[in-house]
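Colleague: I'd like to ask you about the structure that follows.
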Amino acid sequence: MPQSKALFEYRLRESARARHVRLRVTPHNGLEVVVPRGYNPARIPGMLERKQAWIRAALERTEAERRLHGPEPAWKLPDEIQLPALGQTWQVTAQEADTPWAAVRETGPGRLLLHGRINDEHASRAALARWLVRQAYEHLAPRLTELSGQLGLAFRRVGFKRQRTRWGSCSHHRSISLNAKLLFLDPALVRYVMVHELCHLAEMNHSPRFWSLVQKHHADFRAHDRELRKGWKSVPRWAD
């Protein structure tokens, strides 16, 4: 709900998945403050004051984009979901129900049913996002395991999130995190991201030795690295 007793107007959203406070600025919602459950909202005005330079810049940037591209279209459920990484297309149908949530269920090959609180944008997007992450675990995790064996670079565990700025990361604990939004990219780009993160198991840097190792296992890495920077344009709004 909109808040006013602060330096900026903002929307407050409580998330069971959030571990830290997160600020988002979008043309549709303006400034949104996402907080973990139990977070004291009285702390928000002070935080917004400390972050005001970033917020003002983000609001100005968003307003400039809005003027350039026009108003953001109203929320609409996707009729179809394409996952190029898997070569799959899903037809989406919706069924409204009197529940406080929305959920996605597979009703057959290439068919999804979104049911529950389907007119609530946050609930619907959250349900589709959970489904997307499940697809990533089901299809991308085995690919990473197979590629790890081929390259001789063993990782300890893999997790999938929906980051807004990174396609993947690798920790010193040999854990790899991949972005579930990779499902919207071409398989060759997905392979490049996986090779990139697996090579960090041997070189936790971006030194010449690291890039030499990447080239050894993925000859087209330069072209794919450039293409990957534009990959965010392939992510649909509901998954953003």
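What follows draws every value from the coordinates through simple rules; no lab data is involved. Keep in mind it's a predicted model, so treat the numbers as computed, not measured. Every residue, glycine among them, receives a Cβ derived from its backbone with ideal geometry; neighbour counts consider all protein chains shown.
Colleague: Please go through segment 168-240 and write out the trypsin sites (Lys or Arg not before Pro) that DSSP classes as loop and that have at most 15 other C-beta atoms within 10 Å.
Modeller: Of the trypsin sites (Lys or Arg not before Pro), the ones in loops of segment 168-240 whose Cβ has at most 15 other Cβ atoms within 10 Å are ARG174, ARG229, LYS230.
Colleague: Hey, fewest Cβ within 10 Å first, where do MET204, MET194 land in order?
Modeller: Least crowded to most crowded, the residues run MET204, MET194.
Colleague: Treating each Cα of the chain as an identical point scatterer and ignoring solvent, apply the Debye formula and state log10 I(q)/I(0) at q = 0.07, 0.14 Å⁻¹.
Modeller: -0.29, -1.09
Colleague: For segment 80-239, what is the relative contact order in percent, using Cα pairs closer than 8 Å and at least 6 residues apart in sequence?
Modeller: With pairs under 8 Å counted, the relative contact order is 19 percent.
Colleague: Could you give the radius of gyration (one decimal) and Dmax (whole number) of the Cα atoms in segment 2-69, in Å?
Modeller: For segment 2-69, the Cα radius of gyration and maximum Cα-Cα distance read 12.3, 39 Å.
Colleague: Given the Cα-Cα distance of ALA141 and GLU106 and 0.36 nm per residue of separation, how much length would full extension add, in nm?
Modeller: 10.6 nm
Colleague: In addition: For helix 141-151, what angle does its Cα long axis make with the longest principal axis of the chain, in degrees from 0 to 90 and rounded to 10?
Modeller: Roughly 30 degrees between the two axes.
Colleague: Tell me, which longest segment in the chain has none of the chymotrypsin sites (Phe, Trp or Tyr not before Pro) that fall in DSSP loops with at most 14 further Cβ atoms within 10 Å?
Modeller: The reported range is 102-240.
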